[in-house]
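**Student:** Got a structure here, written out as structure tokens. Questions coming.
The values are calculated or read from the model by the stated rules, or taken from the named source; none is laboratory data. As the structure is a prediction and not an experimental result, all values here were calculated from the model. Here the Cβ positions follow ideal geometry from the backbone for every residue, glycine too, while neighbour counts run over all protein chains shown. SASA here: full protein model, heavy atoms, side chains in, ligands and nucleic acids out. Shrake-Rupley method; radii C 1.70, N 1.55, O 1.52, S 1.80 Å.
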Amino acid sequence: MFHFPMTKMVRKYTAKLDRTTRDEIFSFYKAFRWMPCFLQKSYERHLRKNKKLNVIFSFHKEVEDGAKDIESVLLKHKKCRMGEGFNVSNYCVAELTPYALEEVLETCSCVKTVHFNRSFQALLDKAVPASRAKNVMKSGKVLTGEGINVAVLDTGVYPHVDLDGRIIAFKDVINNRTKPYDDNGHGTHCAGDVAGNGQVSNGRYKGPAPKANIIGVKVLDREGNGSLESVMRGIEWCILYNKHHQDAPIHVISLSLGSKAIRYKEEEEDPVVYLVNEAWRNGIVVVAAAGNSGPASSTIDSPGVSSTIITVGASDHQNTENTVEDDTVAPFSSRGPTVYGVEKPDILAPGVNIVSLRSPNSIIDRNEPENRVGSGYFSLSGTSMATPICAGVIALILQSNPSLTPNEVKALLKEGADLLREDQNVYGYGFVNGEKAIADA
């Protein structure tokens, strides 16, 4: 196989092709196992000029518009096309053949890395009292998250009664619809984990921040799947939203999604890690799920591998309000260290049998009717649930002190956590405790 042109290209440009791109190109050769040798060269020529790769190019920092160089090459290849560029980061998307890719790599010195447009998934596998985030007081006032805007990047948000009047913006990266909806159900559950007010359940099923506002950003499709591109565009949209809404910006981004982490020389060479860090640098607190690949070690997903943002693992609160006495890490919750050797997760929050908002007739609702709780709620487990619960606690912290920076919020969460065990790659700094974190805010 080593004498075939595509293999030679991969070997020549290994330093510029990320692992998933290399693996994808090598996967084209699977059919060769059952193919006579005399047919292989002609079939490889066909693949090289007709098979499509969906990739994202990153450029060297000094390059202002590398996309123009890429486009000039692709114009010579009829079956290739450029996607839309990005506004706050130096990336471009392209669908191209291996033949065109080789020409790009040969002629465009501006290219730093070729990233395969890999897939991202929603991370599914008596929460609020257990998080010590119920009726938290500061200066004689019960904190509710009022005035804090939390962006939930997920499958969308169904306009549930428990969120009535508090879905203040909606962006659909997948289908470009303008009104809030959720055809999967996962995003609605996560929005309720942040800010459901319990109206349909007479206050029984509430999020930590029942008066916070929700901004729904649909980056995953009806099956709960998305791509590197869709997640990147969702994060970038949040950064740009704040540039145009400085009086009422997004304060928190909640990401209950992930993809298997790829190790680069530096963590910000991962495009989605770069963008969550960029959001953080722009004053947005970002929380991301650790992943659901536990109990194995070194299973933290991207973008949770970012050493900057807050990575949330899931605890099993054993259906009690106590934390230190009987809670433990959920068996599915991903463990550290990250692929970069960094201790993660940062903190644990409830993630087992969490009751939150139901999106009627969504995929999850139809496929798992046994998980319905009454007419308006649904029970799910995963670091997907732990992450927005932590985001809700952060909304309370920011309501108590809006001047806090993302780094200060992270420090308060860690310092206020209830230490469960010593192994930080399993338990992080411990179990989230809203009361302690806010007391020091």
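**Student:** By the gyration tensor of its Cα atoms, with a ≥ b ≥ c the square roots of the eigenvalues, what is the shape of segment 1-131: rounded for a/c under 1.5, prolate for a/b over b/c, or oblate?
**Tutor:** oblate
**Student:** Here's another thing I want to ask about it. Would you work out which of ALA122, ALA288, SER403 lies farthest towards the positive end of the dipole of the chain, given +1 charges on the beta-carbon of Lys and Arg and -1 on that of Asp and Glu, about the Cα centre?
**Tutor:** ALA122
**Student:** While we're looking at this one, here's another question. If the cut-off is 15 Å between C-alpha atoms, which aspartates and glutamates fall inside it for LYS243, apart from same-chain ones fewer than 8 positions away?
**Tutor:** Here the aspartates and glutamates satisfying the reach criterion relative to LYS243 are GLU278.
**Student:** I've got another one for you. ³J(HN,Hα) across segment 195-202 via Karplus (A = 6.51, B = -1.76, C = 1.60, θ = phi - 60°), whole Hz, x for Gly/Pro?
**Tutor:** Each residue's phi maps through the Karplus curve to give 9, x, 9, x, 4, 5, 9, 6 Hz.
**Student:** Calculate how many DSSP beta bridges within segment 135-237 are antiparallel, expressed in % of all such bridges and rounded to the nearest 5.
**Tutor:** 20 percent
**Student:** Which whole-number percent is the relative contact order of segment 278-418 (Cα, under 8 Å, 6+ apart)?
**Tutor:** 26 percent
**Student:** What whole-number volume per residue, in cubic angstrom, does the convex hull of the C-alpha atoms of the chain give?
**Tutor:** So the per-residue Cα hull volume is 148 Å³.
**Student:** What is the Cα coordinate range of segment 150-285 on the first, second and third principal axes, sorted by size from largest, in whole angstrom?
**Tutor:** Cα extents, longest axis first: 52, 35, 27 Å.
**Student:** Sticking with this structure for a sec: If the reach is capped at under 17 angstrom between alpha carbons, list the lysines near LYS41, excluding any in the same chain fewer than eight residues apart.
**Tutor:** LYS41 reaches LYS8, LYS30, LYS49, LYS51.
**Student:** At 1.4 Å probe size, what's the solvent-accessible area of LYS68? Round to the nearest 10 Å².
**Tutor:** The value for LYS68 is about 140 Å².
**Student:** Counting only the heavy atoms of the protein chains, how much of ILE438 is accessible to a 1.4 Å probe, in Å² to the nearest 10?
**Tutor:** Ignoring ligands and nucleic acids, ILE438 comes out at about 0 Å².
**Student:** Rounded to the nearest 10 Å², what accessible area does HIS244 have for a 1.4 Å probe in the complete protein model?
**Tutor:** Near enough 140 Å² of accessible area.
**Student:** Taking the Cα-to-Cβ direction at GLU223 and at VAL142 and moving 7 Å from each Cα, how far apart do the two end points lie in nm?
**Tutor:** Each label point lies 7 Å from its Cα, and together they span 4.4 nm.
**Student:** Ok, one more. Could you give the distance between the Cα centres of segment 353-419 and segment 38-104, to the whole Å?
**Tutor:** Cα centroid to Cα centroid, the span is 39 Å.
**Student:** How much mean residue ellipticity at 222 nm does the chain get from its helices, if each DSSP H run of length 4 or more adds -39500 (n - 2.57) and you divide by all residues, to the nearest 500 deg cm²/dmol?
**Tutor:** -9000 deg cm²/dmol
**Student:** For a test of the definition: using alpha carbon positions, the gyration tensor, and the 1.5 limit on a/c, classify segment 166-216 as rounded, prolate or oblate.
**Tutor:** Here segment 166-216 falls in the prolate category.
**Student:** Out of every Cα-Cα pair in segment 332-436, what percent are more than 23 Å apart?
**Tutor:** Of the Cα pairs, 40 percent sit more than 23 Å apart.
**Student:** Can you compute the modelled spin-label distance between ASN282 and LYS260, with each label point 7 Å from Cα toward Cβ, in nm?
**Tutor:** Those two pseudo-labels are separated by 3.1 nm.
**Student:** Can you tell me the FRET efficiency between HIS60 and ILE168 if r is taken as the Cβ-Cβ distance and R0 is 51 Å, rounded to the nearest 0.05?
**Tutor:** 0.85
**Student:** At 1.4 Å probe size, with the rest of the protein present, what percent of the exposed accessible area of segment 184-336 is carbon and sulfur atoms?
**Tutor:** 42 percent
**Student:** Separate question: Antiparallel as a % of all DSSP beta bridges within segment 230-362, to the nearest 5?
**Tutor:** Details: 3 of 14 bridges.
The antiparallel fraction comes to roughly 20 percent.
**Student:** Still on this structure, I have one more. Antiparallel DSSP bridges in the chain: what percent, to the nearest 5?
**Tutor:** The answer is about 55 percent antiparallel.
**Student:** Next question, about the same structure. What do you get for Rg/Rh over segment 42-200 if you use C-alpha atoms and the Kirkwood form of Rh?
**Tutor:** Computed over Cα atoms, the ratio is 1.16.
**Student:** Going through the cross-link list LYS141/LYS344; LYS16/LYS179; LYS52/LYS112; LYS206/LYS410; LYS16/LYS171, which pairs have a Cα-Cα distance over 31 Å in this structure?
**Tutor:** Violating the 31 Å Cα-Cα cut-off are LYS141/LYS344; LYS16/LYS179; LYS16/LYS171.
**Student:** Please work out whether segment 31-78 counts as rounded, prolate or oblate from its C-alpha gyration tensor, where a ≥ b ≥ c are the square roots of the eigenvalues and a/c under 1.5 means rounded, while otherwise a/b larger than b/c means prolate and anything else oblate? Display every interim value, and only then the final one.
**Tutor:** On the way: a/c = 4.41, a/b = 2.68, b/c = 1.64.
It is prolate, given that a/c is not under 1.5 and a/b is the larger ratio.
**Student:** Applying the Karplus parametrisation 6.51 cos²θ - 1.76 cosθ + 1.60 with θ = phi - 60° to the phi angles of segment 218-234, what ³J(HN,Hα) value in whole Hz is obtained for each residue in order, glycine and proline being reported as x?
**Tutor:** 7, 10, 10, 7, 5, 8, x, 10, x, 10, 3, 4, 5, 5, 4, 5, x
**Student:** Using the Cα centre as the reference, give the magnitude of the dipole from point charges on the C-beta atoms of the chain (Lys, Arg: +1; Asp, Glu: -1; all else neutral), rounded to the nearest 20 debye.
**Tutor:** Computed about the Cα centre, the dipole is about 1480 debye.
**Student:** If R₀ is 35 angstrom, what is the calculated FRET efficiency for the pair LYS41 and SER297, using the beta carbon separation as r and rounding to 0.05?
**Tutor:** Once rounded, the FRET efficiency stands at 0.20.
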